[in-house]
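Read-outs throughout are calculated quantities, based only on the coordinates presented, and are distinct from any laboratory measurement. All values derive from a computational prediction rather than experimental measurement. Heads up, the Cβs are rebuilt from the backbone with ideal geometry, glycines too, and the neighbour counts pull from every protein chain shown.
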Amino acid sequence: MALEIVVCIKQVPDPEQFSKITLDPVKGTIRREGIPSVINPLDKHAIEEALLIREKFSGRVTAISMGPPQAKEALQEALAMGVDEAVLLCDRALAGADTWATAYPLAEAIKKLGKFDIILCGNETVDGATAQVGPQLAEFLNIPHVTNVTAIEFTSEKSWNVRRAIERGYMKVALELPSLITVLKDINQPRLPSVIAIMEAAGREIRSWGCGDMCLAENVVGLVGSPTQVVGTFEQEVKRAREIIRGSEAEVAKKAVKRLKELGAL
Amino acid sequence: MDFNFTREQEMLRNMVREFVQKELAPRIPEFDEPEGEWPYDVFKRMGQLGLVGLALPKEFGGNAMGHVALMIAWEELAKVSSSWASNLRGFALPAYAISHYGPAWAQKEIVPKICRGEMQGNMTLTEDVGGSDMGAIRTTCLRDGDDYIINGRKIMQSRYSILDFFCPICRSGEKSYTFVIVPKGTPGIELGRRENYISAMTKTLPVGEVMFNNVRVPKENVIGEEGKGFRPVLAAVGAIGRLGGAGISLGLAEAAYEKALHYAKTRHLYGKPIIELQVIRWMLVDMETRVETAKYFCYYASWLLDQGKKVSEVAKEIARAKVVASETALDVCLKAIEIHGAYGTTPEFGVIQKMKSALDQITAAGSNQVMKRTIADAIASE
């Protein structure tokens, strides 16, 4: 059973450098200058799971990403980890997309790739953190999906059981292929690429598709095609005020309740 | 002029960083235990990732990624574990000499195993008469038919107790020196006392004496040519030993600077973080500038080798990188300790360990005085 496996990945600012990130007060966007980019951490787990599935059943893994030209770096790292093919969806018209306008071109690109059996995504990205692109992509492709996956087990060539994390436990969900899952970090430990794999990946060409390659009208993608628009972003400001209430225990309790009511906390 | 690393060098740095953070950092207390089994699994893992053969020829199992790549690996390893950075240098030393000078059987049988993390040796050079004045060595290697008979005592030998082979440099006549492979278990090899160096008192980097008592090896074990042993020794010491010392020092200096910077931003005195105090800011400026200076010297010398220059042609640049980086590491570590105050001398803050390792690099692979003599000789003859 040779499987066609697709992994969707995103290049994001390095989470270890998040303390250096600031917001542009005019544009309302994240200032990324000087912050190194990495593969979204959960997407690395998706890549690893795709490679494990390929090792078990044979097949081909294609990594796909939508982003600016430098997102090729993330795809090169995916190639170094062991994926077979990489495609970058890169077009100025795709910029500024919300989750809908991200999932839609991804779906069209996956259709263009041809047959697919399994699609894997990280559950969410560290920058947007919406967790919506995976499920939306499944809807566009009209296939079932399960989010928050921490383990998978194939029951036959065409079906699998996945373990889905929920509060205080997990669900076991049976799925037929083709289907999509979004994974959590508990699912595996991503491998490190070897030096030889890095050297091979650095020399590989990465296909780049624009809107024209996917027959996408420019008014349904990018900022223009996004049904949601960000109207403002705000940095969280934590202000702490200290107030000491004195008196006997009973008095302190009474004064504290009164004060909390005044502040609207009770 | 291009100051950028290539894409594959950047990916290598990311990989080594991740390896160090995920697989080495959590095990540092274990690696630093004074006694116990040497961590063979880490050597094997470094081989599997391709780090051991990073700059070794592809035909013998290496990756031929070059000396800049090796510098990246030393720098990133040393930020967290100078022991493993030193070990990487140690694995590569005899492998480099054999790869470039033979013998052919060892290129096929030994080097690929080193690259895979399955076999390790060292360059068995230092004696009590000195390490830098190699011409004064007393270990002898005398021809007996098709064999050599080796006698002598070597000191300060890294990983001496776990090596699969030794490569002693020996006196084979008046002004004649021969470099030989001696496999472990050859009759007449005796391990002496373990030596206690300030940064080598761990099970990961045991150092000690090795004695050769009438040790017989076939003439096929000569690295390079009989009587011309200095050639492979000096090439490997330059490209791997000295540049390794420079790279390890660079990593140590960067790590100490990062720790000091973080501490200065978070430690409050007089109602504000101490980075707001001018005296601390000035210290950090000096530290950062020295680290960046050392970085340029280290990568420049490595880059020259990648451009096809011979080690002998860039001896000055290599020596300069080693002097600048090791003196930088010592200075930056000391300043980092001062910025931490008394905490800087406690192991919990991790700066004092960097200082200990930095001290080692001042004298390792040729003292800085010898490095300066090399630079002086080059300047005088220009």
Distance histogram for the protein assembly as shown (every C-alpha pair counted, 20 angstrom bins, percent rounded to whole numbers): 16, 41, 31, 11, 1, 0
Please state the shape class of region B:7-115: rounded when a/c is under 1.5, otherwise prolate if a/b exceeds b/c and oblate if not, all from the C-alpha gyration tensor. oblate
Quick check: residue separation of residue B:267 and residue B:162 times 0.36 nm, minus the Cα distance between them. What number comes out in nm? 33.4 nm
Ranked by GNM mean-square fluctuation in chain A (Cα springs under 10 Å), the top entry among A:195, A:183, A:38 is A:195
Can you list the residues of region B:216-234 with backbone N under 19 Å from a point 7 Å past the Cα of residue B:108, pointing along Cα to Cβ? B:218-224
Along the charge dipole of chain A, Cβ charges K/R +1 and D/E -1, which of A:224, A:86, A:76 sits furthest on the positive end? A:224
Which of the three applies to region A:3-220, rounded, prolate or oblate, going by the alpha-carbon gyration tensor with a ≥ b ≥ c and a/c under 1.5 meaning rounded? rounded
Output the antiparallel fraction of DSSP beta bridges having both residues in chain A, as a percent to the nearest 5. 40 percent
If R0 is 22 Å, what FRET efficiency do you get for residue A:230 and residue A:33 from their C-beta distance, rounded to 0.05? 0.65
Quick one: which residues, 5+ away or cross-chain, put their amide H under 5 Å from the amide H of residue B:195? H built at 1.01 Å from N. B:207, B:208, B:209
Point-to-point label distance, residue A:200-residue A:185, nm (Cα→Cβ direction, 7 Å offset): 2.9 nm
For region A:64-128 and region B:32-49, what is the separation of their C-alpha centers, rounded to whole Å? 39 Å
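Within 10 Å of each residue's Cβ, count the other Cβ atoms and sort B:363, A:155 from fewest upward.
In increasing order of surrounding Cβ atoms, one gets A:155, B:363.
Report the net charge of residues surrounding residue A:48, where surrounding means a beta-carbon distance below 14 angstrom and charges are Lys +1, Arg +1, Asp -1, Glu -1.
Around residue A:48, the charge tally is 0.
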Could you calculate the FRET efficiency of residue B:313 with residue B:380 from 1/(1 + (r/R0)^6), where r is the beta carbon distance between them and R0 is 22 Å, rounded to 0.05? 0.85
Each label point is 7 Å from the Cα along the Cα-to-Cβ direction; what then is the distance between the points at residue A:207 and residue B:5, in nm? 3.1 nm
Pairs of Cα atoms under 8 Å, at least six residues apart: use those to get the relative contact order of chain A, whole percent. 23 percent
For region B:322-382, what does the alpha-carbon gyration tensor say about shape, rounded, prolate or oblate, given a ≥ b ≥ c as the root eigenvalues, a/c under 1.5 as rounded, and a/b over b/c as prolate? prolate
Mean separation of Cα pairs under 8 Å and 6+ residues apart, divided by the residue count of region B:213-322: what relative contact order is that in percent? 32 percent
Calculated from backbone phi, Karplus (6.51, -1.76, 1.60) coupling profile of region B:371-382 in Hz, x at Gly/Pro: 4, 5, 5, 4, 5, 4, 4, 5, 5, 4, 8, 6
Taking every Cα atom in region A:24-96, find the radius of gyration and the maximum pairwise distance Dmax, and write them in Å. 14.8, 51
May I ask you to evaluate 6.51 cos²θ - 1.76 cosθ + 1.60, the Karplus curve with θ = phi - 60°, for each residue of region B:76-88 and list the ³J(HN,Hα) values in order in whole Hz, giving x for glycine and proline? 6, 5, 5, 4, 10, 9, 5, 4, 6, 5, 5, 5, 4
Nonlocal amide H pairs with residue A:148, under 5 Å, H built at 1.01 Å: A:182
For region B:248-382, what does the convex hull of the Cα positions come to per residue, in cubic angstrom? 107 Å³
Tell me which trypsin sites (Lys or Arg not before Pro) from region B:270-345 have a DSSP coil assignment and no more than 12 other beta carbons within 10 Å of their own. B:310
Taking 0.36 nm per residue of separation and subtracting the Cα-Cα distance, what length does fully extending residue B:348 through residue B:133 add? 73.5 nm
So what J values fall out for region B:253-268 if you push phi through Karplus, 6.51 cos²θ - 1.76 cosθ + 1.60 with θ = phi - 60°, rounded to Hz, Gly and Pro as x? 4, 4, 5, 5, 4, 4, 5, 5, 5, 4, 5, 5, 7, 9, 7, 9
Alpha carbon centre of region B:286-302 versus region A:4-26: separation in Å? 30 Å
Length gained, residue B:25-residue B:186, 0.36 nm per residue minus C-alpha separation, equals 54.3 nm
Distance between modelled label sites at residue B:338 and residue B:300, nm, 7 Å Cα→Cβ extension: 2.7 nm
Computed from the beta carbon distance with a Förster radius of 45 Å, FRET efficiency for residue A:242 and residue B:356 to the nearest 0.05 stands at 0.55
Mind checking which of A:218, A:167, A:55 has the largest fluctuation in a GNM of chain A, springs on alpha carbons under 10 Å? A:167
Can you compute the label reach from residue B:175? Point 7 Å from Cα along the Cβ direction, backbone N cut-off under 16 Å, restricted to region B:219-241. B:227-231
If one builds a Gaussian network model of chain A from Cα atoms under 10 Å apart, the most fluctuating residue listed among A:135, A:25, A:13 is A:25
